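The structure under discussion appears below in the form of structure tokens.
The values are calculated or read from the model by the stated rules, or taken from the named source; none is laboratory data. The structure presented is a predicted model; accordingly, all values stated were derived computationally and were not measured. No Cβ is skipped: glycine too gets one built from the backbone with ideal geometry, and neighbour counts run over all protein chains shown.
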Amino acid sequence: MSDVEELPPGLPRMISDRYEIESLIGRGGMADVYLALDHVLSRKVAVKVLRPDTASNPMVVNRFRREAKAVAALSHPNIVAVYDTGELPAAEQQHERLPFMVMEYVTGKTLKQVISQDAIDAEFAVKVTRGVCEALDHSHANNVVHRDVKPANVMVSDAGHVKLMDFGIARALDNSATMTQTAAVVGTAQYFSPEQARGEQVDFRSDIYSAGCLFYELMTGRPPFTGDSPVSVAYQHVGEIPPAPSQVAQDVDPIYDPIVAKVLSKERDDRFQSAGAFAAALENALNGIEFHEDQSTPATYTLPIYGNHDSTESGFAAQAAPMTTEHPVFTAHDEPVETTRHRTNRGLIVLLSVVALLAVAIASFLVIRSIQADAEKRAPVAIPDVKNLSEDDASSLAARCDFQRTR
């Protein structure tokens, strides 16, 4: 788009009396991205505007707003920043208000373009993956799961900086939020995790799996699974083991094979429990240090992720939950676990549980016996027929039946 071309209907040349639209630089599934000049700060920015043909869909509008909220809560050099948000008023040409967001303008290529155009060596692949993992560690620490990590959503700037972008299907996570609604499948088939393929709830480790798929493609030039349709690819994610990178590309060092095998594990508990741990294993391999399974350190905290709450209206700054052994997520710094103290505490808990159960059993027995005794006292008895008997005979019969004579 040149300066003399007309803008789409409903899109003014000047937005919020501040951002002057210059040219179209990108087009996505639900929005267009324009290069603009911020007249207040005298800098180039990218303005993402929802297209009029999608603005009438509430689900698309909510997704767009969710992206703005998710990224606005994050501040990291490896994440494309959001500076401002707002809505364009309805116009005569279009009757819907158009949400927009003003973002950091990054000059460079998407990782998808880099893979298709350039030969990639192991050092560059590890560097890019490290940048993505640092961005994920930050978003996960702020309880945001990206859910669509793929080469098209990673920018490599002209200066070589890595930027993760497009949090359009990201979800915030609090004590009741879920990552995926029931039976909903979100993400991109070649890069989403087995739990996403099954339509299950996802957590931080789903992003780590996708980062593993991204690294696999950087090293081999192709994703771990390909197929004729997204459904066939999804089945492979769920039930098949991808070939080792060194088997796909002969120039790949086999030292990376066990790392890739771990990060692409079908079960979440078997993967790296933080993006940083995955990146650290790659850097060690780059320096010739082989990865062994016992190098993986378990996470020291987790967050509850199960429920039916939609995070569209929820906050994005949930606090980390206390340490637990269920659904480990990650930590920024792992500490050794005191196993002796844990065993002692576990034994004490078992002993107290047994004592409590015995106390409950004894109390229950005494209560039941008391109820039975009371019932026996109140049980009806047959009254003997003393008609036509003498007084002595009647008294004798009543005494044998435990009846007492009263006057």
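Here are a few things to note about the model shown:
- Selected residue (only one of 43, 66, 18, 27 is in contact with a Phe, Trp or Tyr (Cβ under 9 Å, 6 or more places away or on another chain) and closer than 24 Å to residue 107 by Cβ): 43
- Of all residues in the range 31-46, those that are touching a residue at least 12 places away in the same chain (Cβ under 8 Å) and assigned by TED's automatic domain parsing to the domain that holds residue 11 have Cβ atoms under 7 Å from Cβ atoms of residues that are outside any strand (DSSP E or B) and basic (Lys, Arg), 6 or more apart or on another chain, in 31/51; 32/51; 38/18; 39/18; 40/18.
- Considering the range 129-147, the residues that are more than 23 Å from residue 256 (Cα to Cα) and touching a strand residue (DSSP E or B) at 6+ places or on another chain (Cβ under 8 Å) include one that is modelled with the highest pLDDT, namely 138.
- Taking the criterion of being surrounded by fewer than 19 Cβ atoms within 10 Å (Cβ to Cβ), outside any loop (DSSP other than H, G, I, E, B) and in contact (Cβ under 8 Å) with a residue 12 or more places away in the chain, the only residue of the range 263-272 that qualifies is 269.
- Inter-residue pairs, beta-carbon under 6 Å, first at pLDDT 90 or above and in the range 105-116, second assigned to a helix (DSSP H, G or I) and surrounded by fewer than 19 Cβ atoms within 10 Å (Cβ to Cβ), 6+ apart: 110/152; 112/152
- Residues satisfying the stated conditions in the range 59-89, i.e. out of contact with any strand residue (DSSP E or B) (no Cβ under 8 Å at 6 or more places or on another chain), at pLDDT below 85 and surrounded by fewer than 17 Cβ atoms within 10 Å (Cβ to Cβ): 59, 62, 89
- So residue 363, is it in a helix (DSSP H, G or I), of a type outside the set (Phe, Trp, Tyr), modelled with pLDDT of 65 or more and within 50 Å of the chain's Cα centre (by Cα): yes
- Taking residues in the range 277-290 that are in the same structural domain as residue 254 (by TED's automatic domain parsing), and partners anywhere that are part of a loop (DSSP other than H, G, I, E, B) and of a type outside the set (Val, Ile, Thr), the pairs with Cβ atoms closer than 6 Å and at least 6 places apart or on different chains are 278/272; 281/291.
- Consider the range 222-236 and keep the residues that are in contact with a Phe, Trp or Tyr (Cβ under 6 Å, 6 or more places away or on another chain) and under 18 Å from residue 151 (Cα atoms). The one that is surrounded by the most Cβ atoms within 10 Å (Cβ to Cβ) is 224.
- Within the range 105-143, the set of residues being surrounded by 18 or more Cβ atoms within 10 Å (Cβ to Cβ) and in a strand (DSSP E or B) comprises 110 only.
- On inspection, residue 254 passes the criterion of being more than 26 Å from residue 29 (Cα to Cα) and not aromatic (Phe, Trp, Tyr).
- For the range 148-183, taking the residues that are under 25 Å from residue 68 (Cβ atoms), touching a Gly at 6+ places or on another chain (Cβ under 6 Å) and outside any strand (DSSP E or B), the one that is modelled with the highest pLDDT is identified as 148.
- Qualifying residue in the range 42-49 (condition: of a type outside the set (Asp, Glu), part of a loop (DSSP other than H, G, I, E, B) and modelled with pLDDT under 90): no
- Criterion (hydroxyl-bearing (Ser, Thr, Tyr), at positive phi and surrounded by fewer than 17 Cβ atoms within 10 Å (Cβ to Cβ)) met by exactly one of 56, 42: 42
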